[in-house]
Amino acid sequence: NLKEQIESRRTFAIISHPDAGKTTLTEKLLLFGGAIRDAGTVKGRKTGKYATSDWMEIEKQRGISVTSSVMQFDYNGTRVNILDTPGHQDFSEDTYRTLMAVDSAVMIIDAAKGIEAQTLKLFKVCRMRGIPIFTFINKMDRQGKLPLELLAELEEVLGIESYPMNWPIGMGKDFFGIYDRYYNRIEMFKADDDERYLELNKDGEVDGEHPIVESPLYEQTLEEVLLLNEAGNEFSREKVRNGELIPVFFGSALTNFGVQTFLDTYLEFAPKPQARPSSIGPVDPVQDTFSG
């Protein structure tokens, strides 16, 4: 059914300042989609490590389009399209064109650097177009700015409300993981799969004994989450859809931490293909006359 085909698609661009982790996050998302087997494959093309014919073969094997602009994979019944925005400083027409084609954007922020010039420029284009934005604060396994500082910077510099879907427990060498407000669990940073998640009780705390409960960082996180619950913005699906509220996620793309949680939650709230304005009024992808 064509309507179902259209509505199962999620098309987004990743926007960031150079070196914030765009390529790394893209690779990890492709890994979850089964589109590549080893992280590092995406870079292969840029270094010219593979001949074009190899790439055609890889594309067939992996079921992925590794063109310079679109990477595609299927994940949990959704067809995901990631559009590449050129990272170079001259802020070319390519980026404007790319942002015309997406239904939402994922903004990556380096936890140590906060919001940088290119991020701000790209953000403004998204705002102008009313594109919903999701934020991934990266490199939490390194020392960076305090999470509350980053949140304040996000709201001040970008002039938009934010809602942390999860919250980091420590950072750098003392990075324990994330307190997931949305799934009501703690995801441990260095843990085997069977010990990765700690479910929280209705008061949002760990029941029973666990080494993390003894940590002052856990106590600090509980206090900060309480502050967010009481004084922070309320979550609103509608505001997210209208680009008026940014859901914020914390993680580390390089160590592949928090990426799947981000992807699962993002796909739940990301908009399906939207109608586009045109000279004859809005054009909806489910219209019978719409062809491509």
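When the criteria are applied in full, Lys173 meets the requirement of being out of contact with any helix residue (DSSP H, G or I) (no Cβ under 8 Å at 6 or more places or on another chain), of a type outside the set (A, V, I, L, M, F, W, C) and open to solvent by 70 Å² or more (accessible area, probe 1.4 Å).
Screening Tyr179 with (1) hydroxyl-bearing (Ser, Thr, Tyr); (2) buried (at least 19 other Cβ atoms within 10 Å of the Cβ); (3) more than 23 Å from Arg237 (Cβ to Cβ) gives one miss only, at (3). Looking across the stretch 184-196 at every residue that is farther than 14 Å from Ser215 by Cβ, out of contact with any Ser or Thr (no Cβ under 7 Å at 6 or more places or on another chain) and at pLDDT 95 or above, the one that is surrounded by the most Cβ atoms within 10 Å (Cβ to Cβ) is identified as Arg185.
Take the residues in the stretch 242-272 that are out of contact with any helix residue (DSSP H, G or I) (no Cβ under 8 Å at 6 or more places or on another chain) and assigned to a helix (DSSP H, G or I), then tell me which one is surrounded by the fewest Cβ atoms within 10 Å (Cβ to Cβ). Among residues in the stretch 242-272 that are out of contact with any helix residue (DSSP H, G or I) (no Cβ under 8 Å at 6 or more places or on another chain) and assigned to a helix (DSSP H, G or I), the one surrounded by the fewest Cβ atoms within 10 Å (Cβ to Cβ) is Glu268. Against the list (1) surrounded by fewer than 16 Cβ atoms within 10 Å (Cβ to Cβ); (2) modelled with pLDDT of 85 or more, the condition Ser92 fails is (2).
Before we move on, is Asn256 farther than 14 Å from Gly177 by Cβ and among the polar types (S, T, N, Q)? Considered against the rule, which asks whether it is farther than 14 Å from Gly177 by Cβ and among the polar types (S, T, N, Q), Asn256 comes out as no.
Hand me the list of strands (runs of 3 or more DSSP E) wholly inside the stretch 90-182 holding 2 or more residues that are of a type in the set (Val, Ile, Thr). First the steps, then the outcome.
On the way: elements: 104-110, 133-138, 161-164, 166-169, 177-180.
Strands (runs of 3 or more DSSP E) meeting the threshold: 104-110, 133-138.
Quick grid of which residues meet (1) modelled with pLDDT of 95 or more; (2) of a type outside the set (A, V, I, L, M); (3) within 22 Å of Ala13 (Cβ to Cβ):
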{"position": "Ile212", "(1), (2), (3)": "no, no, no"}
{"position": "Leu226", "(1), (2), (3)": "yes, no, no"}
{"position": "Glu230", "(1), (2), (3)": "yes, yes, no"}
{"position": "Gly243", "(1), (2), (3)": "no, yes, yes"}
{"position": "Gly251", "(1), (2), (3)": "yes, yes, yes"}
{"position": "Tyr266", "(1), (2), (3)": "yes, yes, yes"}
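Kindly indicate which of Gly159, Gly208, Gly232 is free of Cβ contacts under 8 Å to residues at least 24 places away in the same chain and either closer than 23 Å to Ile115 by Cα or surrounded by 19 or more Cβ atoms within 10 Å (Cβ to Cβ) (or both). Answer to the check: Gly159. Candidates are the residues of the stretch 129-156 that are open to solvent by 60 Å² or more (accessible area, probe 1.4 Å) and out of contact with any helix residue (DSSP H, G or I) (no Cβ under 9 Å at 6 or more places or on another chain); the one that is farthest from Thr255 (Cα to Cα) is Glu156.
The values are calculated or read from the model by the stated rules, or taken from the named source; none is laboratory data. The structure presented is a predicted model; accordingly, all values stated were derived computationally and were not measured. Please note: Cβ atoms are built from the backbone with ideal geometry, for glycine as well, and neighbour counts cover all protein chains shown. When the accessible area is computed, the model is the full protein with side chains, heavy atoms only, and any ligands, DNA or RNA have been set aside. Shrake-Rupley method; radii C 1.70, N 1.55, O 1.52, S 1.80 Å.
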